[in-house]
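**Q** Provided herewith is a single structure, encoded as structure tokens, for subsequent inquiry.
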Amino acid sequence: MNAMAPTRPTELQGCRTRLAAGPSAAAEARKQVRAAVCAWDIPVDPDVAVLLTSELVTNAIRHEVRGMITLAVTCSRDQLRVDVYDTSRSLPVVVEAAVDAETGRGLMLVASLSAEWGFYRTPGGKAVYFALALQPGLAESGEGGPQGVQMWGL
């Protein structure tokens with residue numbers, strides 16, 4: 001018997017939400033990313049997606065000057081991508097943290113666990129992103145989408 005795996009949708013799915021740059025932003029961003037992965041049945045490791053999101057949001061909060069950041073989650077045919085926007089003009093730099101340092105490893109994690117990561121300037125500051133390649137067989141079923149966010153299907 002020949003069974004074919006279901007194909008991924010060719011349309012772009014996405015959501016975008018603004019978060020207050022405070023202590024609860026990372027938790028809310030993790031919740032939104034996990035909900036999107038489940039709702040869209042995206043075959044990526046949700047724990048990795050959540051961890052990397054937390055790293056980017058934590059960095060954005062640390063450098064945000066106006067009090068708001070934006071989280072954008074998109075899924076295309078071959079990848080999940082998370083972009084975090086802030087108003088800082090400072091560009092991220094991967095540093096080699098000392099063995100006993102309590103901070104400084106976030107971007108190293110992002111670089112090592114993602115298929116791609118980077119940053120770009122925006123009119124209002126910058127965005128830092130990561131992408132995870134889709135891995136058929138890892139999809140989790142879920143219903144509904146992230147709460148309180150603008151979602152689209154193109």
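Quick note: the coordinates plus some simple rules give every number you see, no bench work behind them. In this text, all values refer to a predicted model and were calculated from it rather than measured experimentally. So basically every Cβ, Gly included, is an ideal-geometry build from the backbone, and we count neighbours across all protein chains shown.
**Q** List the GluC sites (Glu not before Pro) within region 41-125 that DSSP assigns to loop and that have no more than 12 neighbouring Cβ atoms inside 10 Å.
**A** Passing both the DSSP loop test and the Cβ count: 96, 102.
**Q** In nm, to one decimal, how far is the residue 24 label point from the residue 113 one, both placed 7 Å along Cα→Cβ?
**A** The answer from the label model is 2.4 nm.
**Q** Okay, next question. Just subtract the alpha-carbon distance of residue 48 and residue 77 from 0.36 nm times their residue separation and send over the number in nm, one decimal.
**A** The residue 48-residue 77 span can extend by a further 8.5 nm.
**Q** What FRET efficiency do you get for residue 31 and residue 91 if R0 is 35 Å and r is their Cβ-Cβ distance, rounded to the nearest 0.05?
**A** 0.80
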